[in-house]
Every structure is written in structure tokens, then in C-alpha cells.
1. Does Ile296 satisfy the condition of being β-branched (Val, Ile, Thr) and over 19 Å from Arg245 (Cβ atoms)?
2. Looking at Leu152 and the list (1) at negative phi; (2) buried (at least 24 other Cβ atoms within 10 Å of the Cβ); (3) more than 18 Å from the chain's Cα centre (by Cα); (4) not charged (D, E, K, R), which single condition is not satisfied?
3. Restricting to region 155-172, and then to whatever is within 15 Å of the chain's Cα centre (by Cα) and over 15 Å from Cys203 (Cα atoms), can you tell me which residue is surrounded by the fewest Cβ atoms within 10 Å (Cβ to Cβ)?
4. Step by step: first the residues of region 245-254, then only those that are open to solvent by 50 Å² or more (accessible area, probe 1.4 Å) and within 18 Å of Phe317 (Cβ to Cβ), then the one that is modelled with the lowest pLDDT. Which residue is that?
5. May I ask you to list the residues in region 88-105 that are surrounded by fewer than 24 Cβ atoms within 10 Å (Cβ to Cβ) and of a type in the set (Ser, Thr, Tyr)?
6. Could you pull out every one of the helices (runs of 4 or more DSSP H) wholly within region 255-365 that has 2 or more residues that are of a type outside the set (Gly, Ala, Ser) and open to solvent by 40 Å² or more (accessible area, probe 1.4 Å)?
Amino acid sequence: MTMTHRRGRPVLSALSAGIAATALLLGLAGPAGAAPPPDTGKGGPAAKAVKPVREVPPIQNFGTIDGFGQKTEHERITRAALACAPGAVPGAAGACFQPTSIRQLAGADGTMGAIGAPDADQVLTEAAHCDGADYLNTPGYPRTRAQATSVLLSCIAHLKGEFDRGVEKADVLVNAAGAVSVSDTDLSSDCTFVLGVAGRGKCNAIEGFGRALHGTEDFYSHSNWADQADSRSAIGVTNPPGLARTGPAPFLRLAAAAPSASDIPGDLATGCFSLNPWGCGKRITHGVLNKDNGTIDPATGRATSPTTARGQVAGNFNAAVQTAIADTRAQWDGFRGSLIARYGTVRGQRMACAMTHDDPARDCR
């Protein structure tokens with residue numbers, strides 16, 4: 001997920017995802033003709049597409065990604081949460097995302113989407129994936145509860161910043177008279193979501209929301225919020241306790257006021273991640289705690305065949321995925337509410353409509 005989902009990501013391996021994403025950006029992977037040309041920031045296709053190099057088969061078909069043990073978990077979680085079912089329409093309130101719009105948010109063959117952007121350009125940014133908030137209530141543990149809580153609050157602040165940026169960038173989607181901007185909602189070519197490249201208004205708004213979702217989805221994979229410890233082993237650094245919570249974390253609601261330290265459960269932990277084999281010392285690591293990888297049905301959200309050790313314990317992978325799906329839906333509800341709170345009911349609802357419809361100039365009036 002990172003589920004990462006460190007793509008994932010949804011539920012994934014951070015380093016391999018970053019390598020794969022970098023390869024995609026450099027034109028080393030991806031089937032020719034799999035996707036429209038990228039956003040140039042001018043509402044039209046890029047002048048010249050990069051020719052793919054087919055000699056690198058392990059990193060083709062990024063959804064977020066499919067390869068290196070990952071199975072586009074972030075994409076699949078996001079689609080299960082927000083994609084319109086066949087024949088369904090988003091409605092004026094933007095209840096779900098139509099095919100081209102969900103492609104920009106969740107990714108698909110040939111594009112990582114906004115949800116995958118942090119795995120491309122923030123793969124080692126701790127706050128983007130909610131890593132490093134590890135704590136174990138045992139004498140001598142190298143991190144205090146206060147230190148772990150501070151790291152988690154920094155993650156939430158970072159994600160709130162991305163979320164709020166998406167709300168801010170939505171301003172150009174609908175003018176003061178309530179008319180949808182044709183140029184800023186055009187999706188005739190894919191958006192570009194990495195390395196600070198600005199594009200059309202809809203792309204920019206989706207990017208803020210997608211980057212925020214990446215971190216919130218990762219939280220459920222990288223933490224012990226929804227999982228359980230292995231009952232066959234003693235509780236410790238290699239088998240931390242699980243909180244077994246069944247609903248989204250209330251302190252992670254990005255549309256709400258920032259949480260305080262008292263809102264964070266005392267036994268909550270996310271894993272320490274480091275490229276240095278000795279970088280995490282005697283702390284709970286990402287490798288121990290993550291439930292990043294497995295198979296997720298993008299239509300139903302059914303999660304099976306987990307491949308990480310923690311994910312294989314007591315249905316932990318499925319629990320992390322289901323909680324991430326529920327949270328993703330709640331974050332979109334919060335995003336729509338934030339649009340209305342900032343821009344008023346008429347403009348705010350029309351902005352949500354424009355973000356979810358593939359032809360908003362026609363459908364959002």
C-alpha cells in the first residue's frame with residue numbers, strides 16, 4: 001500500500017519503487033502507446049514522446065507499480081474506494097471518479113498517477129509515507145513515546161499541506177460566475193505529477209489530493225493501527241503489538257484541525273525505514289511492520305495473497321487494505337467539504353464535479 005504502499009507503496013518496497021519510478025521518468029520503461037502523452041502544462045500533448053526502451057522488462061506497466069514484488073496496490077486501493085462502478089455516474093456532488101479522471105488520480109498502465117508521485121520524487125521523505133514513528137513500551141527502547149508522536153504529527157502536517165494545496169489549486173476549475181474552465185479541466189493528455197511540474201488546474205488539484213492519499217494509505221500498511229501481533233511469538237522489536245482497530249484513524253482526517261499529541265494512542269507505531277542496513281539500530285523497522293504487498297481486486301477491494309511477514313499474520317494485509325479504502329473515501333468526502341467551505345456551496349460542489357467527471361464542461365453546470 002505505500003499501500004504502500006511505498007510504491008505504495010500501497011503496500012510496497014520503497015527502494016525498488018523509487019528505482020522503478022526513476023526508470024519510468026527517464027523513459028526506460030512503459031509500453032509504447034499505453035497512455036496519452038504527458039501534460040505539458042498547456043492543456044495539450046507533449047511535443048515529443050520519449051521512446052521507451054524495451055530491454056528493461058521488469059519495470060513496465062506502472063500503475064504504481066507492477067513489478068519488483070509490487071502489484072499496484074496504491075492504484076487498486078484508490079480505485080476500489082473512488083472509481084465509479086460500470087454504468088454509474090458521479091452526480092453533481094462528485095461521488096466517484098469516471099475512467100479518465102480516476103486514471104489521473106490512481107494511475108494505470110503507463111502512468112503512476114498522482115497517488116504514485118511520492119514514490120517517484122519523495123521516496124526517502126519520511127513524512128510522505130508516515131515512516132519513523134516507531135515506539136515500543138519496553139525499558140531501553142531507543143525512542144520515546146514523545147519522539148514517535150512528534151514524527152507522526154509531522155507526517156500528518158505534511159499530508160495536510162498537500163491536501164490543502166489541492167483545495168487551493170481547485171480555484172481555477174470554476175470561475176466566479178460558476179462556469180467550468182474548459183482548458184483547466186481538459187484531460188486529452190495525461191497529467192504530470194512529479195518534480196514540481198505545474199500543469200492544468202485539474203491536474204494540480206488532483207496532485208495535491210493524490211499525494212495526501214498516498215501517505216494516508218501508507219499509514220495503514222506501515223503502522224500497527226489495524227493489525228495484530230503474531231500470537232506465536234513474544235511481543236518485542238520483531239513482533240510489536242497490534243492495535244487491531246477496525247475504522248480509519250480519527251487523527252488522520254486531513255480536512256479537520258491538526259491533532260495533538262494526546263490524540264495519538266500510546267502503543268501506536270510505524271516502522272523505521274533506512275537504506276543503511278544498520279540505520280534503524282534496535283528499533284521496529286519497516287520490514288517488520290509493513291503489510292505492503294499482495295493482491296487487491298480494484299473493483300471490490302478484496303485483498304488476498306499477502307507476501308510480507310506481518311501481512312500474513314491474522315488477516316493483517318486485508319485489514320490494512322480495508323481500512324485504507326474506508327479512509328480514502330472519507331478523505332474525498334473531506335476534500336469535497338473543504339471545497340465548499342472555502343469557495344461556497346455552488347462553486348465548491350461544481351469543483352468536485354469537475355474533478356470527478358471526464359467532461360465537466362458538459363456535465364457540471
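1. yes
2. (3)
3. Gly161
4. Looking at the filtered set, the residue picked out is Thr246.
5. Scanning region 88-105 gives a single hit, Thr100.
6. Counting at least 2 such residues, we get 316-343, 345-356, 360-363.
The values are calculated or read from the model by the stated rules, or taken from the named source; none is laboratory data. No experiment lies behind these values; they were computed from the predicted model shown. Please note: Cβ atoms are built from the backbone with ideal geometry, for glycine as well, and neighbour counts cover all protein chains shown. Surface areas here come from the heavy atoms of the whole protein model, side chains and all, with no ligands, DNA or RNA. Shrake-Rupley method; radii C 1.70, N 1.55, O 1.52, S 1.80 Å.
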